[in-house]
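**Q** Attaching a single structure in structure tokens format; questions to follow.
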Amino acid sequence: MSRGPLDGWYEAAGVRTGVRRMLHDDSAAGKVFFPERLVPYLAHEAVAALPAPRRRELAVRHLYQFLLSTTHLETRVVNRGAELIADDRCGVPVGTTARLDAFKVYCDEGYHSLYSLDLAAQVAAATGIAIPRWDYGGFVAQLDDAVVGTLPEHPALAPLLQTVVFETLVTSILNEVPADTGVVTTVRDLVRDHAKDEGRHHRFFTAFFHELWHGLDAGTRSAVAFALPELMKSCLVWDVAPVRSSLRLAGLDAATAAAVTDDCYRADDERFRTICRASLRMCASAGVFEVPGAVDAFAAHGLLTGEEC
């Protein structure tokens, strides 16, 4: 019997075997808290002219945004879908093994949220750069709006599919930061811890989606196929409110901060397709694109160019 992605959870999961990452601030040796190349607005002309201390603060606050968005999305979005599976409330029959695995994901995501906030607090104490009171409520509300009415005849499916999409998106930060020796070591270690768990989650949700898809009747499959592009697109829109706030704290006026975010966070279909490539492969392998009209629906949202399937 083949092993499932979470079969070794008790021996491998971070919440079971990991250690609390205590900040060792090696920034005095030239290391940064977040790579500048992964902060889109630092290269903008209005930001490039800022004094070095202000730019450092922006990079640290970008780390906060990454860490705190994790705490909100893992608990308020991903765990919402994991709970539907775990408690057998997802609208389709779910086996005990999948339910147990969903509870493992639920535990993992709570732990990721805990250690993300913990590290943010440690960085704030070490640097003196305060954590802004960002609540990410606008972004979560936007995600909720995308879910409402998407699949009215199957109310549990839309948030469940949103969770599947989130957990199969390609997050470059989880791959790039651990490999960047110019980043503060504790940050690299924590992101690496997160990436290991998320790799297992990716495999679990990919397998779960295949099982889910093949358990749906033809009419529901069609509805899901046409709902998925909008759900994917909603997961890809940047939450720019914290960015604007951080730019204001760095000394930019409101109009300039808004202009910078507009310039740096324009919709970019090529970037969207890159982030979604694993989700799109999942759809292709499950047979989503075999639904009449599905390819056109994905293409209309900029998620396919016609070469992917």
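**Q** If you find the alpha carbon centre of region 160-189 and of region 234-271, how far apart are they in angstrom?
**A** 21 Å
**Q** Mind listing the long-range amide H neighbours of VAL183? Cut-off is under 5 Å, sequence gap 5 or more, other chains count too, H placed in the peptide plane at 1.01 Å from N.
**A** VAL32
**Q** Using Cα pairs closer than 8 Å and at least 6 residues apart in sequence, work out the relative contact order for region 1-134, in percent.
**A** Relative contact order of region 1-134: 30 percent.
**Q** At 0.36 nm per residue, minus the direct Cα-Cα distance, what do ALA258 and ALA124 gain on full extension? Give it in nm, one decimal, please. It would help to have the intermediate numbers written out before the result.
**A** Numbers: separation 134, 0.36 × 134 = 48.24 nm, distance 2.56 nm.
Full extension from ALA258 to ALA124 adds 45.7 nm.
**Q** Also: Please state the relative contact order of the chain as a whole percent: Cα pairs under 8 Å, 6+ residues apart? Present the calculation step by step, with values, prior to reporting the outcome.
**A** On the way: 342 pairs, mean separation 74.7, N = 309.
Worked out over the chain, it gives 24 percent.
**Q** Under a Cβ-only charge scheme (Lys and Arg +1, Asp and Glu -1), can you give me the dipole magnitude of the chain about the Cα centre, in debye to the nearest 20?
**A** Numbers: 30 positive and 40 negative charges, 151 e Å.
In debye, rounded to 20, the chain gives about 720.
**Q** What's the ranking of 146-154, 113-121 by average number of surrounding C-beta atoms within 10 Å, highest first? Don't skip to the answer; put the middle values down first.
**A** Numbers: 146-154: 15.4, 113-121: 19.0.
Output ranking for 146-154, 113-121: 113-121, 146-154.
**Q** Between ASP26 and ILE173, what length comes free when the chain is fully extended (0.36 nm per residue of separation minus the Cα-Cα distance, one decimal in nm)?
**A** Working: separation 147, 0.36 × 147 = 52.92 nm, distance 2.01 nm.
Gain in length upon complete extension: 50.9 nm.
**Q** Once the piece of chain linking SER285 and ALA43 is laid out straight, how much longer is it, given 0.36 nm per residue of separation minus the C-alpha distance between them?
**A** Full extension of this stretch gives 83.2 nm more.
**Q** While we're on this one: Where in the chain are the DSSP H helices whose C-alpha atoms run 24 Å or more along the long axis and whose mean Kyte hydropathy is at least 0.5?
**A** Details: long enough: 52-73 (31 Å, -0.31); 96-127 (47 Å, 0.14); 185-214 (44 Å, -0.93); 218-236 (28 Å, 0.73).
Helix filter hits for the chain: 218-236.
**Q** Pop the C-beta distance of ASP269 and ALA207 into the FRET formula with R0 = 25 Å and round what comes out to the nearest 0.05. All intermediate terms of the calculation are to be shown ahead of the outcome.
**A** On the way: r = 28 Å, r/R0 = 1.13.
Once rounded, the FRET efficiency stands at 0.30.
**Q** How about region 203-309: which GluC sites (Glu not before Pro) there lie in a loop by DSSP and see at most 12 other Cβ atoms within 10 Å? Before the final figure, lay out the partial values.
**A** Working: sites: GLU211, GLU230, GLU270, GLU290, GLU307, GLU308; in loops: GLU307, GLU308.
Listed in order of number, the matching sites are GLU307.
**Q** Taking R0 as 30 Å, what's the FRET efficiency between ARG3 and ASP145 from their Cβ-Cβ distance, rounded to 0.05? Provide the component values of the computation, followed by the final result.
**A** Numbers: r = 39 Å, r/R0 = 1.30.
After rounding to 0.05, the efficiency reads 0.15.
None of the figures in this text is laboratory data; all of them are computed from the coordinates on show. Model, not experiment: these values are computed from the prediction. Counting neighbours? That spans all protein chains shown, and the Cβs are built from the backbone with ideal geometry, glycine included.
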